[in-house]
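Undergrad: My questions will all concern the structure given below.
The numbers here are math on the coordinates, done by the rules we state, and not lab data. None of the values given here were measured: they were computed from a predicted structure. Note: ideal-geometry Cβ built from the backbone for every residue, glycine included; neighbour counts use all protein chains shown.
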Amino acid sequence: MAEAIDPILWFRRASPYIYLHRQKTFVLCLDDQAMSSDNVSNVLRDITLLHSLGVRIILVHGSCALDNTSPRDSKTVDSKRDDIKAWVSEVGGETHQLIAELSANAHHSSPFYSDLVACTGNFIRAQPLGVMNGEDQGPLGKTRKVNTSAISALLDDDMLVIVPPIGYSLTGETFVLDCKALAGQVAEALSADKLIYFLPTHGVQDESSQRVSELPKAQAIASLSKSHPGVTSGIDALLTSDLDAQSRRCHLVSHTHDGALLEELFTLTGSGTIITPGAALIRTATLNDIDAIRALVAPLEQSGALIPRSIDAIEKHLEDYIVLDLEGAIIGCGALHAFEDTAEIASLATHPGHRDQDYGERILSALLHKAAQKALPTVFVLTTQTEHWFLERGFMRSDQTALPLSKRATYDDRRNSKVLVRQL
Ligand SMILES: CC(C)(COP(=O)(O)OP(=O)(O)OC[C@H]1O[C@@H](n2cnc3c(N)ncnc32)[C@H](O)[C@@H]1OP(=O)(O)O)[C@@H](O)C(=O)NCCC(=O)NCCS
């Protein structure tokens with residue numbers, strides 16, 4: 001957050017997110033690269049802050065064992081076994097280093113909150129990878145079961161749970177696990193609300209090196225499969241097509257940029273890439289979408305929920321419209337009509353067959369994001385039947401005096417719409 005802002009305003013802007021994240025379960029994965037970043041102490045301090053705000057945190061960390069050379073490149077199973085002894089003690093050292101840093105940071109983030117308890121344990125039952133392409137993988141293993149009841153009990157006791165990338169078999173052997181895939185498996189087993197991976201960049205970048213703020217799962221997997229295979233397996237594990245999974249999200253956040261985690265979770269514009277379960281993509285409307293937008297809004301205009309807007313009016317202000325495209329079908333839309341120092345949220349609608357899946361929320365977020373990019377201080381909405389939906393999303397009741405003059409002149413007293421305003 002480079003911009004200098006009023007702390008009171010900042011706190012008010014962050015408060016809906018504080019409320020939203022409280023008592024939610026987040027799995028965070030710090031791989032070897034993130035652990036050796038110069039910024040790791042700041043990341044850990046921010047994780048401690050999240051914990052103090054009531055987020056249930058599981059921290060999965062990784063060591064170089066799978067990412068780099070040893071023990072995968074070792075020639076013999078025996079040498080792999082020798083490697084694992086050294087590696088397990090290295091991971092143990094890293095776990096204890098994390099506990100030490102989290103203990104210190106709990107104190108630094110707030111003088112009133114210094115009793116964070118971080119704990120670890122044998123939460124992961126593992127099995128060997130076995131022989132692959134004729135080569136015995138020795139101590140390399142895969143997750144068989146996550147002890148969710150033990151982890152949940154610790155989270156219920158307000159502890160921060162650290163899961164090292166080690167699993168134990170029923171035969172008493174120790175296995176090395178891929179920390180990124182493990183984070184996904186832990187998140188899936190606990191039905192976590194968020195799975196957060198730390199990368200050297202601000203999430204996914206497009207061809208012109210611009211940050212992509214949101215990606216549907218299929219596109220994220222396609223773009224990360226070569227560079228970050230462990231991350232894609234985690235995304236795939238958590239973001240399933242189950243209805244219950246529709247509100248879950250994965251985030252890709254920078255571990256090199258101080259404050260990136262807080263910026264991603266507590267600001268409208270975020271700092272990384274958020275990955276959503278559905279294939280639905282929000283994009284700017286094109287001429288080809290006008291018929292689909294009309295088809296969506298026409299019944300709502302007839303019922304009085306939306307103010308009628310002609311095809312000509314939509315075409316004239318087409319760049320104001322965004323659509324929610326589900327594999328070619330337009331299942332939602334919304335518009336942001338800018339005035340001098342505010343903007344109107346209008347024509348926000350989702351198809352009745354796709355309601356209650358957070359699509360309305362996503363369209364609203366995209367419109368708010370658009371307004372924030374234009375540096376507008378507020379947005380307003382005129383609504384007859386969805387007052388509470390907007391109030392629950394940070395809008396405040398207001399009246400016609402809050403409208404720009406040109407909008408006030410066209411206010412229809414017969415519709416008697418409620419005027420709601422949201423600070424950005
Ligand atoms: C309002 C609207 C966009 C919400 O779409 P959606 O895709 O269902 O939105 P979400 O999935 O993000 O939100 C669903 C939640 O909002 C609640 N909700 C839906 N309509 C609501 C309303 N009119 N008032 C209050 N809450 C409402 C649902 O019960 C659900 O609550 P839950 O999460 O506690 O179960 C959709 O109902 C719609 O198209 N309405 C008609 C058009 C309209 O009035 N637009 C606003 C004027 S611009």
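Undergrad: At a Förster distance of 22 Å, what's the computed FRET efficiency of residue 153 paired with residue 24, Cβ-Cβ distance as r, to 0.05?
TA: So the FRET efficiency works out to roughly 0.80.
Undergrad: Indicate, rounded to the nearest 5 percent, the antiparallel portion of the DSSP beta bridges found entirely in the chain.
TA: 60 percent
Undergrad: Given axes a ≥ b ≥ c from the Cα gyration tensor, I'd like to know whether region 282-423 is rounded (a/c under 1.5), prolate (a/b larger than b/c) or oblate.
TA: Note, shape of region 282-423 comes out rounded.
Undergrad: Among 229, 189, 254, whose Cα projects farthest towards the positive end of the dipole of region 7-277, with charges put on the beta-carbon of Lys, Arg (+1) and Asp, Glu (-1)?
TA: About the Cα centre, the residue reaching furthest to the positive side is 189.
Undergrad: To continue, here is another question. Give the order of 188, 361 when sorted by the count of other beta carbons within 10 angstrom, beginning with the fewest.
TA: Listed from fewest to most nearby Cβ atoms, that is 361, 188.
Undergrad: Here's another thing I want to ask about it. Over the chain, what is the mean sequence separation of C-alpha contacts under 8 Å (at least six apart), divided by residue count, expressed as relative contact order in percent?
TA: Taking the mean separation of contacting Cα pairs over the length of the chain, I get 13 percent.
Undergrad: Could you work out the mean projected area of the convex hull around the alpha carbons of the chain, in square nanometres to one decimal?
TA: 23.1 nm²
Undergrad: Further question: Select from 205, 385, 163 the residue farthest towards the positive end of the dipole of the chain; place +1 on Cβ of Lys and Arg, -1 on Cβ of Asp and Glu, and compute about the Cα centre.
TA: Of the listed residues, the answer is 385.
Undergrad: Which order do the peptides 54-61, 179-186 take when ranked by the mean count of other beta-carbon atoms within 10 Å per residue, highest first?
TA: Answer by packing, highest mean first, reads 179-186, 54-61.
Undergrad: Helix by helix, which DSSP H runs in the chain go 24 Å or more along their axis at the Cα atoms and have an average Kyte-Doolittle hydropathy of 1.6 or more?
TA: Result, helices passing both filters: zero.
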